[in-house]
Amino acid sequence: MMNRSGGGSGVEVPTVAEVITPLEWKFAQVFGERTAGEEVQEVDIISAIEFDRTGDHLATGDRGGRVVLFERADAKDYGGHRKDLERMDHSTSKHPEFRYKTEFQSHEPEFDYLKSLEIEEKINKIRWCQTANGAVFLLSTNDKTIKFWKVQEKKVKKVSQMNASASKTIGNGPIVGSCISSAKSYMENGECNAIPFSEISAPSGGVPSLHLPVMVTSHETSPFARCRRVYTHAHDYHINSISNNSDGETFISADDLRINLWNLEISNQSFNIVDVKPANMEDLTEVITSAEFHPTHCNMLAYSSSKGSIRLIDMRQSALCDTHSKLFEEQEAPGSRSFFTEIIASISDIKFAKDGRHVLSRDYMTLKLWDINMDSGPVATFQVHEYLRPKLCDLYENDSIFDKFDCCLSGDGFRVATGSYSNMFRVFGCSEGSTEATTLEATKNPVRRQVQTPSRSSRSLGTLPRVLRRGAENTGADTNGNAFDFTTKLLHLAWHPTENSLACAASNSLYMYYA
């Protein structure tokens, strides 16, 4: 089904037997694990997660506006490239290990005085840019402002010693008048009496006995983050996506109604390339929910909508891409429309596969895999929340039906993954003949849960009753008897670009798994 050539990407193409065999997922690491009964602060909840292209760095953003960086530990400790180590039969770790690198405050709370609107500091998206001169670069955005960050290692200056010898104090310059700070004596009522300078005496041991720090540059380095550029005042609505272009020079930012094109070097100017805002806002029927550049073609990008459609546009056609090159949507089954149809059809996230030919989309109920050469419908549909269909009324009342789940693809394109409730995530095999459908919980001891085999063919979302009783019976369990909890949800996850390794964000904790 998918292009298996590899195309010089460095990814080892597995055999058919390896593809069909379900992966056995194991716990690798956890950062920020909660203790039993610990209350999680709202600002600590992870809101974005992203691997860089090499997979050696991982970034997370939280609702407090902070960005935390992690780096690959198992490769850096030994030095050299991992492939070279494998060739040397070096005993590296069984699984990728990451360690904390640094963190910085990316965004602060703001207030728009013209619109009397508070702008929260929550990080909506993070995207890695191309590295240069040993430094890493990344883009981070909240609802209104995008920032371009440079993080590099800098040598640390340390105090070598405090009791300086006489020879070393000479190099620190003259110390005449060093005791002037004690030239005033203060009385209880706050007044002070000046002491004549002639009465000030040097310490008994002489000037060399003074404690003078000697600063030296050590061989240790410490990461330092600096904001290079700030891109602002370009979106009237909340930014939901940013995406780097393969040309390494430009990126896009998308809000509900517009997509803007930026140059990384120019922060005071952007070009509007998509505008779906109608002349009369009462005629508005759909909004943009996600946008992403094609991984190799710098002129192509895709964006999804709240009506469940994906549009592919070519920037070579016109300056303002009012018309799309291709439209991908699934036809609605006759008689299946209900109050919830459009809500659950809204796409929360799209991702291009590394081959650039396939697009993965996530709506509330399903994952869908699309072939950009075939616009008649998805090539595969995976049921994620089918067991919640009888509870859509309850989900609407507690706003859970509006939760936006991320999706991701493996580097080889043979598997897809997304999050769910009760801090669970699901992995599906999308290669021909695969029946893989694994559900795991984001804990130190992930439990394999049995789920129904997903549909391999394209099919509609199914029928919904026209009338739903409010307060329907809630068993607190899905069709497989598994309890679910709507207050704990795994919204964000990322797949390592070259290995079967997943990073999952459960509340304020970052869990890493490998297979």
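The values are calculated or read from the model by the stated rules, or taken from the named source; none is laboratory data. The structure displayed is predicted, hence computed values, not measured ones. Using ideal geometry, Cβ is built from the backbone for each residue, glycine included, and neighbour counts are taken over all protein chains shown. Side chains are part of the model used for accessible areas, which takes the heavy atoms of the whole protein and leaves out ligands, DNA and RNA. Shrake-Rupley method; radii C 1.70, N 1.55, O 1.52, S 1.80 Å.
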Quick check: convex hull over the Cα atoms of segment 279-421, volume per residue in Å³, rounded to an integer? 127 Å³
Environment charge at ILE126 (Cβ cut-off 13 Å; Lys +1, Arg +1, Asp -1, Glu -1): 0
Check LEU257: other-chain or 5+ apart residues with amide H under 5 Å from its amide H, H built from backbone geometry? ILE288
What net charge do the residues around VAL30 carry, taking every other residue with its C-beta under 15 Å from that of VAL30, with Lys and Arg at +1 and Asp and Glu at -1? -1
Report Rg(Cα)/(2.2 N^0.38 Å) for segment 115-156, keeping two decimals. 1.51
Quick one: which residues, 5 or more positions from GLU97 or on another chain, have an amide H under 5 Å from its amide H? H modelled 1.01 Å from N in the peptide plane, none for Pro or chain starts. ALA73, ASP74
Spelling out what I want: for every residue of segment 143-155, take phi, set θ = phi - 60°, compute 6.51 cos²θ - 1.76 cosθ + 1.60 (Karplus), and round to whole Hz; glycine and proline get x. 5, 10, 10, 9, 10, 10, 10, 10, 10, 9, 7, 10, 5
Among 21-29, 138-146, 52-60, how do they line up from the highest to the lowest mean number of other beta-carbon atoms within 10 Å? 138-146, 52-60, 21-29
Hey, what do the phi angles of segment 122-139 turn into as Karplus ³J(HN,Hα) couplings, whole Hz, using 6.51/-1.76/1.60 and θ = phi - 60°, x for Gly and Pro? 3, 7, 7, 8, 10, 9, 7, 10, 5, 7, 7, 6, x, 9, 10, 10, 8, 10
Hey, what's the Kirkwood Rh for segment 92-161 if you take every pair of different alpha carbons, in angstrom? 15.4 Å
Here the net charge surrounding ASP236, from other residues whose Cβ is less than 12 Å away from its Cβ (Lys, Arg +1; Asp, Glu -1), is -1
Sorting check: for 252-261, 224-233, which peptide has the highest mean count of neighbouring beta carbons within 10 Å, and how do the rest follow? 252-261, 224-233
From the phi angles alone, apply the Karplus equation (6.51, -1.76, 1.60; θ = phi - 60°) to segment 223-234 and give each ³J(HN,Hα) in whole Hz, x where the residue is Gly or Pro. x, 10, 9, 9, 7, 7, 8, 10, 10, 9, 6, 10
Can you return the aspartates and glutamates within cross-link range of LYS368? Criterion is Cα-Cα under 14 Å, with same-chain partners fewer than 8 residues away left out. GLU329, GLU330, ASP349, GLU386, ASP406
From the cross-link list LYS155/LYS354; LYS351/LYS489; LYS147/LYS444; LYS125/LYS351, which pairs have alpha carbons spaced over 25 Å apart? LYS155/LYS354; LYS147/LYS444
Dimensions of segment 266-350 along principal axes (Cα, Å, largest first)? 48, 33, 22
Probe 1.4 Å, all chains present, heavy atoms only: GLU153 accessible area in Å², nearest 10, is 70 Å²
